[in-house]
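Asks: What follows is a structure written as structure tokens; I'll ask about it next.
The values are calculated or read from the model by the stated rules, or taken from the named source; none is laboratory data. Just so it is clear, the model here is predicted, and its values are computed rather than measured. Backbone-built Cβ (ideal geometry, glycine too); neighbour counts: all protein chains shown.
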Amino acid sequence: MSEKIIKTEKGYNLYCRYWNEESTHAKEDMKALVFIVHGYCEHCLFYNELAEALKDQGLYVFSHDHVGHGQSEGTRGLVGDFMEYVQDVIYHIELVKKKFPQKPVFLLGHSMGGAVSILAAMSKPNYFKGVVLIGPAITPDKDSATCFKVFALKIAARIFPQLVVAKIDPLKISRDEAFVKRYKEDPLVFYETVKCGWALAYLHALAQITSSFQDMTWPFIVIHGSEDTICEMEGSQLLYDKAASKDKQIKIFDGAFHQVHNDTPEVKKETQKTISQWIAERL
């Protein structure tokens, strides 16, 4: 396991995490690359257990904290366009790909990171071997995306982009009380701060996704908890039903909350197994 800082094309320093050994022998044994795209207000270290499980299957697993998140630079929780996240993801992957030019690449995105993963795959449709989506953001909450609220958000975002308009309930993240406690107490997590500038960029990203299902021809699996109220399961079902891909799967974990990869021990283990098998079947 190692970490380093890379500088984005816009000049921000991003904190990066790599879960594998860097020896020549280890590189030769790698079956594929897996880049983890974390969600809003969190950071990549919440994926340690999942990353270790994938690493044990011979996969090279790496990630970074998005700009404005975790240990990376940038205004906390603020971005003007989700394509900034996408560009950073592609840039980082291409840096690592130079070490493994012949290895296939998979994306694994959760929540907001699911939306970023979809946008990244859309921007490079033949680049990724497959996309794993965990509780992805596909459609906005109906109550918060009324015409009036969106209109008001557009005005507010221009004048007060850092205005806080919502927050995330930590109790809806996972059924694992110890994990929720860790999440709430982590100083790098800003679950009480959803800013209107980010919220507008989020809605624009989801609109782009839901208008482009016909362009989604790459393999994907979408995994969702049935009791997820942060990114509702209906969005994942819509993606599965409408996407043009001929290689697509959906798996619903009954009773699970938003972060199925950090839910109960049984769900965590099954999530790791599901993802590992899905990737292995495409190598």
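Asks: Suppose we filter region 51-80 for residues that are on the phi > 0 side of the Ramachandran plot and under 16 Å from the mean Cα position of the chain (by Cα); how many remain? If you could, list the steps in order and put the result at the bottom.
Replies: Applying the first criterion (on the phi > 0 side of the Ramachandran plot) to region 51-80 yields 58, 68, 70, 74, 77.
Next cut, under 16 Å from the mean Cα position of the chain (by Cα) only: 68, 70, 77.
Here the count works out to 3.
Asks: Continuing with this model, one more query. Go through the residues of region 20-33 one by one and say whether even a single one is crowded, with 18+ Cβ neighbours inside 10 Å and within 16 Å of the chain's Cα centre (by Cα).
Replies: yes
Asks: Please work out which one of (1) under 25 Å from Asp186 (Cα atoms); (2) at pLDDT below 95; (3) hydroxyl-bearing (Ser, Thr, Tyr) is the condition Ser72 fails and give its number.
Replies: Every condition holds for Ser72 apart from (2).
Asks: Among the residues of region 93-122, which ones are among the basic types (Lys, Arg) and either farther than 21 Å from Gly58 by Cβ or part of a loop (DSSP other than H, G, I, E, B) (or both)? Spell out the reasoning first.
Replies: Taking region 93-122 first, the residues among the basic types (Lys, Arg) are 97-99, 103.
The answer is Lys98, Lys99, Lys103.
Asks: Another question, if that's okay. Evaluate the following for Lys242: is it touching a strand residue (DSSP E or B) at 6+ places or on another chain (Cβ under 8 Å), basic (Lys, Arg) and under 18 Å from Ala115 (Cα atoms)? So that I can check it myself, show each step before the final result.
Replies: Details: touching a strand residue (DSSP E or B) at 6+ places or on another chain (Cβ under 8 Å): no; basic (Lys, Arg): yes; under 18 Å from Ala115 (Cα atoms): yes.
So Lys242 does not fit the description; no.
Asks: Let me ask you something else. So the check is Cβ under 7 Å with 6+ separation or different chains; which pairs have a first residue in region 243-257 that's on the phi > 0 side of the Ramachandran plot and a second one that's charged (D, E, K, R) and surrounded by 14 or more Cβ atoms within 10 Å (Cβ to Cβ)?
Replies: As it stands, the answer is Gly255/Glu227, since those pairs meet every condition given.
Asks: Checking the condition in a loop (DSSP other than H, G, I, E, B) and aromatic (Phe, Trp, Tyr), which residue from Tyr191, Tyr202, Tyr183 passes?
Replies: On the way: Tyr202 fails: in a loop (DSSP other than H, G, I, E, B); Tyr183 fails: in a loop (DSSP other than H, G, I, E, B).
After applying the criteria, what remains is Tyr191.
Asks: Restricting attention to region 268-283, and to residues there that are touching a residue at least 24 places away in the same chain (Cβ under 8 Å), in a helix (DSSP H, G or I) and out of contact with any Gly (no Cβ under 8 Å at 6 or more places or on another chain), which single residue is farthest from Ala115 (Cα to Cα)? Even if it seems obvious, please write down each step before you answer.
Replies: The first filter runs over region 268-283 and keeps only residues touching a residue at least 24 places away in the same chain (Cβ under 8 Å), leaving 268, 271-272, 274-276, 278-280, 282-283.
So of that shortlist, the ones also in a helix (DSSP H, G or I) come out as 268, 271-272, 274-276, 278-280.
Those left that are additionally out of contact with any Gly (no Cβ under 8 Å at 6 or more places or on another chain): 268, 271-272, 274-276, 280.
Working: Lys268: 22, Thr271: 19, Gln272: 20, Thr274: 20, Ile275: 18, Ser276: 21, Ala280: 23 Å.
The qualifying residue farthest from Ala115 (Cα to Cα) is Ala280.
Asks: Quick one: in region 228-242, of everything that is of a type in the set (Asp, Glu) and touching a residue at least 40 places away in the same chain (Cβ under 8 Å), which residue is nearest to Ser212 (Cα to Cα)? So that I can check it myself, show each step before the final result.
Replies: Step one: of region 228-242, the residues of a type in the set (Asp, Glu) are 228, 232, 234, 241.
Subset that is touching a residue at least 40 places away in the same chain (Cβ under 8 Å): 228, 232, 234.
Details: Asp228: 24, Glu232: 19, Glu234: 17 Å.
Per the stated criteria, the residue is Glu234.
Asks: Output the residue which, of all residues in region 143-201 that are among the basic types (Lys, Arg) and at pLDDT 90 or above, is farthest from the chain's Cα centre (by Cα).
Replies: As a first pass, look at region 143-201 and keep what is among the basic types (Lys, Arg): 149, 154, 158, 167, 172, 175, 181-182, 184, 195.
In the following step, the residues that additionally are at pLDDT 90 or above were identified as 172, 175, 181-182, 184.
Numbers: Lys172: 17, Arg175: 20, Lys181: 21, Arg182: 20, Lys184: 19 Å.
That would be Lys181.
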